[in-house]
Amino acid sequence: MAEQRFYGTGKRKTAVARVWLQPGTGVVTINKRSLDAYIDRETSKMVITQPLVMTGTYGKLDVMVNVFGGGGSGQAGAIRHGISKALLEFNPEFREVLKRAGFITRDSRVKERKKYGRRSARARFQYSKR
């Protein structure tokens, strides 16, 4: 019998993460590199492991992630969202815990586009009477 794998897609800002979970020893691999090699900030590492810790599956599931787009913070958020969705596929009973923590909801906040006739999205050019 083939090993069971559970899939989830996570998004945050412009980052997209494809996440696969499978029973194992708790190894987290991001873009074919270890978690420590790929991510520098401790807060980002904590954000990524939050859904696993909250559901009590940290150290029991191997996580394989393919992430692209965005920056470090956006990628960490996308990975967390993807892990949460994959955990729901793994065990639907985790839904209440993850929903209460706000991990299932896609964070739709993105950068507002620059408009013509303005310096940025909302700021105007300096006005001078003369």
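The values are calculated or read from the model by the stated rules, or taken from the named source; none is laboratory data. Being a predicted model, the structure only gives us computed values, none of them experimental. We place every Cβ from the backbone using ideal geometry, glycine too, and count neighbours over all the protein chains shown.
Each row is one residue, and each column tells you yes or no for (1) in contact with a Ser or Thr (Cβ under 6 Å, 6 or more places away or on another chain); (2) without any contact (Cβ under 8 Å) to a residue 40 or more places away in the chain; (3) not polar (S, T, N, Q).
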| position | (1), (2), (3) |
| --- | --- |
| G10 | no, no, yes |
| D36 | no, yes, yes |
| L52 | no, yes, yes |
| G56 | no, yes, yes |
| L61 | no, no, yes |
| Q75 | no, no, no |
* Output the residue which, of all residues in the stretch 81-130 that are exposed (fewer than 15 other Cβ atoms within 10 Å of the Cβ) and aromatic (F, W, Y), is nearest to G71 (Cα to Cα). => Y116
* Structure fact -> Restricting the stretch 12-34 to residues that are touching a residue at least 24 places away in the same chain (Cβ under 8 Å) and among the basic types (K, R), the one surrounded by the most Cβ atoms within 10 Å (Cβ to Cβ) turns out to be R12
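Within the stretch 12-35, take every residue that is of a type outside the set (S, T, Y) and in a loop (DSSP other than H, G, I, E, B) and give me the one that is nearest to V53 (Cα to Cα).
Top of the filtered list is G26.
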* Sort out which residues of the stretch 51-80 are surrounded by fewer than 18 Cβ atoms within 10 Å (Cβ to Cβ), assigned to a helix (DSSP H, G or I) and of a type in the set (S, T, N, Q), and write them in order of number. => S73
* List every residue pair whose Cβ atoms lie under 6 Å apart, where the two residues are 6 or more positions apart in sequence or sit on different chains, the first residue falls within the stretch 101-127 and is over 19 Å from K85 (Cβ atoms), and the second residue, located anywhere, is of a type in the set (S, T, Y) and at pLDDT 95 or above. => K114/S120
